[in-house]
């Protein structure tokens, strides 16, 4: 099983290479212009030249706070087969064409999701010959202005294609994070077989990458379009933000050999309190989840400070590999700078899409890449050390001639049986006339004789126990999975295999194996059972010699 897992792990570079090639193909398809289609490709931007009730001209990019009525003439635009396409963020609105309402967006959603629906995409059919559009706009939260983005009269398919082409860099980063997270989870599973692998919490790093990827993909509108349930995507986005803070601290604590630090317990309490408070206040309508976002942001800042503290303390106490410490400092520094820049941008411009995460994505991606490359190299080193240790253990406990377990392995088995009071049948064996084979036909023939006997014993007793070579021509089977009846059946199978070997191979001296067995029942002495089995084996040997 270990070898299979290691082989699978070594295939990861090939899997990653295929993933990168597939990603590049997607980039090529989306970035290069396709052959011209037969529909109109006219695009008219509608972000500017809107007139408010007071006569002022304004842009949708910079709307004042409060409810608004905006009007814009479009008599110069051919709206045939075109749609009014735009994005909205926590804004209710109604669209009228020449005074007739053609679209209203004020979704009702479950109470536990809160008032905010997050971000949504709209493609509104326009009546042919429309001369004037009117927008009745109401922001969900009166302390922030309404947010309508990328408004245009355009073919719906072209609009979505252009939108996803622009979002391709963000989507690619999210996909890389998600792939990286799966790789770290896989390493975490296989690292359980490596003693040194227990020091690193690969699961925390992998989960962190996946959550950041899911949180970041919100801005691509992919999940909103696929699910047609933007409020749920927004709610899950907030939940990701609540739990993200714990994971990098957990990973850093394991990497710096401080798994039991009290900082993790403090952070667990803060995150649990934030989660419960958010659910209760949001579901009861006392305080919307939108206003509780600063709590999660504050906890993220606390988590960043904890992470920095753990790294500094580990460096001072020299409880971390210096190369790994430099890797963590560089990666964490990039992530922290990205998070801080985006927090500042969010505070300064709250009508953004839940706060842009562009710098956070880049910073976290750098962190994941530098740490991930180090960890994969470390995992390869641990794998080689593990394989080397297994090989050394096999050499120490395996008889090189017969490939059965040797006397050292049998001694450990004796200790295990005594310590755990395991009942077993002890079966002693001795190969007859081995000296005659060695003297008359050489030691090579004697080795073949021993190997044949070993294979017979191994195969005939495989279902009930393990065979050990304890001397030149001496073997012992410890049968833990059978009593006297099963032992007799195995001995009969042994004799049948011996006869077949003698008939088929026609050795110069026929193979004969003497045997004797005795049960071991705790708390009796194991040595007494071995002595009795040995005595019975010699009695069997004498009888065999007597009959020639």
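The values are calculated or read from the model by the stated rules, or taken from the named source; none is laboratory data. Note that the structure is a prediction, hence the values are computed from the model and not measured. Please note: Cβ atoms are built from the backbone with ideal geometry, for glycine as well, and neighbour counts cover all protein chains shown.
Checking the condition exposed (fewer than 13 other Cβ atoms within 10 Å of the Cβ), at pLDDT below 90 and within 28 Å of the chain's Cα centre (by Cα), which residue from 297, 323 passes? The unique qualifying residue is 323. Return yes or no: is residue 506 surrounded by fewer than 12 Cβ atoms within 10 Å (Cβ to Cβ) and more than 29 Å from residue 423 (Cα to Cα)? Here the answer is yes, as residue 506 does meet what is asked. Applying the set (1) farther than 27 Å from residue 208 by Cα; (2) buried (at least 20 other Cβ atoms within 10 Å of the Cβ); (3) within 27 Å of the chain's Cα centre (by Cα) to residue 372 leaves exactly one unmet item: (1).
Is it the case that residue 66 is in a loop (DSSP other than H, G, I, E, B) and under 15 Å from residue 138 (Cα atoms)? Yes. A single entry from 153, 137, 95 fulfils the requirement of being surrounded by fewer than 21 Cβ atoms within 10 Å (Cβ to Cβ) and outside the structural domain of residue 279 (by TED's automatic domain parsing): 95. Determine if the stretch 308-318 includes at least one residue that is part of a loop (DSSP other than H, G, I, E, B), modelled with pLDDT of 75 or more and either assigned by TED's automatic domain parsing to the domain that holds residue 233 or within 27 Å of residue 239 (Cα to Cα) (or both). Within the stretch 308-318, one or more residues are part of a loop (DSSP other than H, G, I, E, B), modelled with pLDDT of 75 or more and either assigned by TED's automatic domain parsing to the domain that holds residue 233 or within 27 Å of residue 239 (Cα to Cα) (or both). Within the stretch 302-318, can you find the residues that are surrounded by 14 or more Cβ atoms within 10 Å (Cβ to Cβ) and under 17 Å from residue 250 (Cβ atoms)? Across the stretch 302-318, the qualifying residues are 302, 303, 304, 306, 307, 308, 309, 310, 311, 313, 314.
Sort out which residues of the stretch 416-449 are surrounded by fewer than 21 Cβ atoms within 10 Å (Cβ to Cβ) and either in contact (Cβ under 8 Å) with a residue 60 or more places away in the chain or in contact with a strand residue (DSSP E or B) (Cβ under 9 Å, 6 or more places away or on another chain) (or both), and write them in order of number. Passing the criteria: 417, 418, 421, 422, 423, 432, 433, 436, 440, 441, 445.
If you check 432, 438, 420, 415, which single one turns out to be touching a helix residue (DSSP H, G or I) at 6+ places or on another chain (Cβ under 8 Å) and either closer than 21 Å to residue 477 by Cα or at pLDDT below 80 (or both)? Steps first, answer last, please.
Values: 438 fails: either closer than 21 Å to residue 477 by Cα or at pLDDT below 80 (or both); 420 fails: touching a helix residue (DSSP H, G or I) at 6+ places or on another chain (Cβ under 8 Å); 415 fails: touching a helix residue (DSSP H, G or I) at 6+ places or on another chain (Cβ under 8 Å).
Among 432, 438, 420, 415, only 432 is touching a helix residue (DSSP H, G or I) at 6+ places or on another chain (Cβ under 8 Å) and either closer than 21 Å to residue 477 by Cα or at pLDDT below 80 (or both).
Within the stretch 271-294, the set of residues being in contact with a helix residue (DSSP H, G or I) (Cβ under 6 Å, 6 or more places away or on another chain), assigned to a helix (DSSP H, G or I) and surrounded by fewer than 17 Cβ atoms within 10 Å (Cβ to Cβ) comprises 275, 283.
Does residue 457 satisfy the criteria of being outside any strand (DSSP E or B) and in contact with a helix residue (DSSP H, G or I) (Cβ under 7 Å, 6 or more places away or on another chain)? Answer is yes for this residue.
I'd like the full set of residues that are touching a residue at least 12 places away in the same chain (Cβ under 8 Å) and surrounded by fewer than 16 Cβ atoms within 10 Å (Cβ to Cβ), limited to the stretch 511-530.
As a first pass, look at the stretch 511-530 and keep what is touching a residue at least 12 places away in the same chain (Cβ under 8 Å): 511-523, 526, 529-530.
Matches in the stretch 511-530: 521, 522, 523.
For residue 543, are the conditions met, namely being under 54 Å from the mean Cα position of the chain (by Cα) and either in a helix (DSSP H, G or I) or more than 17 Å from residue 450 (Cα to Cα) (or both)?
no
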